[in-house]
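Report on the following structure.
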Amino acid sequence: MKDCESGNSHADHLIVERVTKNFAGLRALDSVSLNLKRGEILGLIGPNGSGKTTLINVITGLLPLDSGRVFIGEVEITNKPPYEIARAGLGRTFQTIRLFRELTVMENVEVAAVSRGCSRKEAKRRALQAIEELGLEGWVGRLAGELPYGLERRVEIARAFALQPDFLLLDEPAAGLNEEESDELLNMLAPIPQRKGLGLLIVDHDMRLIMRLCHRLHVLSYGKTIGEGTPEEVRRIPQVIEAYLGKRAAGG
Amino acid sequence: MKTQNAILLWLKSHTTPFLLSIPLLLLAVLVQAFGGTLLIRIVTVLFINLVMVLGLQVFMGNSGILNFAHIGFMGIGAYTSVLFSMTPQAKAATLPDLYPFLRPIHLPFLPSLLIGALAAALVAALVGYALMRLSDAAAVITLFALLVIIHTILVHWSIVTNGPRTLFGVDNYTTLGISAFFGILIIFIAYLFKETPVGLKLRASRDDRYAAASIGINVVQVRWAGFVLSAFLAGFGGGLWAHFITSFSPYAFYLTETFSILSMLVIGGTGSVSGAVVGTVVVTFLREALRAIENSANIAGLFQNNLVGFTEVFLSILLILILIYRPSGILGSREIRLTSEDLRSVTASSQTDRPVPSSTKEGKHV
């Protein structure tokens, strides 16, 4: 059987160094730097249009960046094709769910392990583990296109788990979920980074989820970093309050 | 014992190719035993069509890219295989200007078929890596252009193809038995390809190429693999057809045939091997029936002018209706199988003897 070990780099850090990205005249990311450690959950927050999704797309190679560099440990992944970045140990989910709709839930998750070079049998074993972690056992044989919305999110996350990345970027995993579903997701995600030794970066607008889940926060506004630190620290930064609540609240 | 069980389990969850091939095998045996010349010819063509349609399904069904170039590869396979299988005398008669090194070559049927298939695969491999970077409409247009290019070369490369004129003197090797054997073999090849790692990755890239890349799939590479295999099968089918029809011109490998093979796949269902098989059977017999109606109407003089193109018009209308009301074909992406999908998943989970990680269970109650 082919070796299909996870994360060939086994790096401790995902490092983003002064990344800049322009869309025509618009500066979507302005010299943004961040550092994601394995085992931690980092929240990436900011108002609409602040560049969160752009940052994820730039890191994962979906969009070329204009300047700056991205590393997984020692390995530079700047402007590499997305599939190479994934193989280097970086997984992601999408803001608008992207599942393989004509494949079963099982195949959706399995194919991520297969693309790591696992045999179908070993891939099935890994897929089942990821499926159990996200509570999808009852849905394995269903086509992904037939699932209820809340479960689609979980299949996407299970698929990313089956890739066995060192770092995982979740783009609004709680978008469109009700409070109950969002809590369920939170409980599933919370123990994962420690258990898997995985660095997790989460973008979300659900502040309740972010504040409870994340060890550290990184705040963007108009493509610039305006704050970093623990949730408590970030809550006290004037620029953050201003970005979220307006100037008057910050002044008062 | 354990491997025996594993094989049984695998067979149980992969009944599709058996269910598809057993009725076809029966049909072949019955027609061989009791059928007249015409019926034997029709069923022989049916199996050759099956090779072509399944070859098309391998790429188009799994990658989601409409492939107009398929029949071009059939032409490459047909011409290449006959260049190797024809006797030197026949070559001298029909291709007097043939390159000297090709003149004395005279290989048996099967090696010639394989060489034809390999030639088609080689061309696909060379042009494929660039083409497979394209998706959607851009890919379709370029593949159509490739069909035109191949056709133009076949028409003008007189030294090896006899130009636009008919090439004759090919021996008739493709019997019903041979075409049935390969038709059924290719059912298994097409089905197994879907289940290989490459086939699975290709299907994933069909549904969403960005998500596929995000889990480490090199979309261009898996598409290329599917494209080359598909061209190989098309080349093989072309060789089978050439040694059945025995005289043909480059016009046999152009729009009419493209439409015919494409309509079989689309009517049956692009997404599944079952759909490809059902579509081939339905359309092949339907076409023969329509042709019979057309002929008898003309003989009986039912209309003032002869009825021309009735078959094509009827099939086109059927194709349009299918595209409107069942865009994924008669069977869609479902495979015919004995066990349900649910049973498959049960057998899948029974393969792991590992207990559920306790932390997951706790996680739910936090």
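The values are calculated or read from the model by the stated rules, or taken from the named source; none is laboratory data. Model, not experiment: these values are computed from the prediction. All Cβ positions, even for glycine, are placed from backbone atoms using ideal geometry, and neighbour counts span all protein chains on display.
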>> Please pick out the residue among A:84, A:17 that is assigned to a helix (DSSP H, G or I) and touching a residue at least 12 places away in the same chain (Cβ under 8 Å).
In response: A:84
> residue A:99 versus (1) farther than 24 Å from residue A:184 by Cβ; (2) part of a loop (DSSP other than H, G, I, E, B); (3) among the aliphatic types (A, V, I, L, M): which is the lone unmet condition?
Replying inline: (1)
> For the subset of the stretch A:61-76 comprising residues that are in a loop (DSSP other than H, G, I, E, B) and in contact with a strand residue (DSSP E or B) (Cβ under 9 Å, 6 or more places away or on another chain), which member is farthest from residue B:210 (Cα to Cα)?
Replying inline: A:73
> Of everything in the stretch A:80-106 that's on the phi < 0 side of the Ramachandran plot and of a type in the set (Gly, Ala, Ser), which residue is nearest to the other protein chains (Cβ to nearest Cβ)?
Replying inline: A:86
>> Between B:276, B:242, B:252, B:292, which is in contact with a helix residue (DSSP H, G or I) (Cβ under 8 Å, 6 or more places away or on another chain), surrounded by fewer than 24 Cβ atoms within 10 Å (Cβ to Cβ) and assigned to a helix (DSSP H, G or I)?
In response: B:252
> How about the stretch B:90-132: which of its residues are out of contact with any strand residue (DSSP E or B) (no Cβ under 9 Å at 6 or more places or on another chain), in contact (Cβ under 8 Å) with a residue 12 or more places away in the chain, more than 22 Å from residue B:228 (Cα to Cα) and not small (Gly, Ala, Ser)?
Replying inline: B:91, B:97, B:98, B:99, B:102, B:103, B:104, B:105, B:106, B:107, B:108, B:109
> Within the bounds of the stretch A:181-191, is there any residue that is in contact with a Gly (Cβ under 8 Å, 6 or more places away or on another chain) and among the small types (Gly, Ala, Ser)?
Replying inline: yes
>> Here are the criteria: (1) away from chain B (no Cβ under 14 Å); (2) surrounded by 24 or more Cβ atoms within 10 Å (Cβ to Cβ). Tell me which single one residue A:216 does not satisfy.
In response: (2)
> In this structure, does residue A:150 turn out to be under 30 Å from residue A:16 (Cβ atoms), touching a residue at least 24 places away in the same chain (Cβ under 8 Å) and more than 8 Å from chain B (Cβ to nearest Cβ)?
Replying inline: no
>> I'm checking my understanding of the structure. Among residues of the stretch B:160-219 that are within 12 Å of another protein chain (Cβ to nearest Cβ), within 22 Å of the chain's Cα centre (by Cα) and of a type in the set (Ser, Thr, Tyr), which one is surrounded by the fewest Cβ atoms within 10 Å (Cβ to Cβ)?
In response: B:196
> Looking at this structure, is residue B:270 within 14 Å of another protein chain (Cβ to nearest Cβ) and among the β-branched types (Val, Ile, Thr)?
Replying inline: yes
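Condition check ((1) more than 9 Å from every other protein chain (Cβ to nearest Cβ); (2) part of a helix (DSSP H, G or I); (3) of a type in the set (S, T, N, Q)) across all residues:
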| residue | (1), (2), (3) |
| --- | --- |
| A:78 | yes, no, yes |
| A:108 | no, yes, yes |
| A:118 | no, no, no |
| A:123 | no, yes, no |
| A:135 | no, no, no |
| A:154 | yes, yes, no |
> If you scan the stretch B:45-71, which residues turn out to be out of contact with any Phe, Trp or Tyr (no Cβ under 6 Å at 6 or more places or on another chain) and not hydrophobic (A, V, I, L, M, F, W, C)?
Replying inline: B:49, B:55, B:57, B:61, B:62, B:63, B:64, B:70
> Right, residue B:337: at pLDDT below 90 and of a type in the set (D, E, K, R) or not?
Replying inline: yes
> Are any residues in the stretch B:1-30 buried (at least 19 other Cβ atoms within 10 Å of the Cβ) and aliphatic (A, V, I, L, M), and if so, which ones?
Replying inline: B:20, B:24, B:28
> If you go through the stretch A:171-191, how many residues are away from chain B (no Cβ under 12 Å) and not in a loop (DSSP other than H, G, I, E, B)?
Replying inline: 4
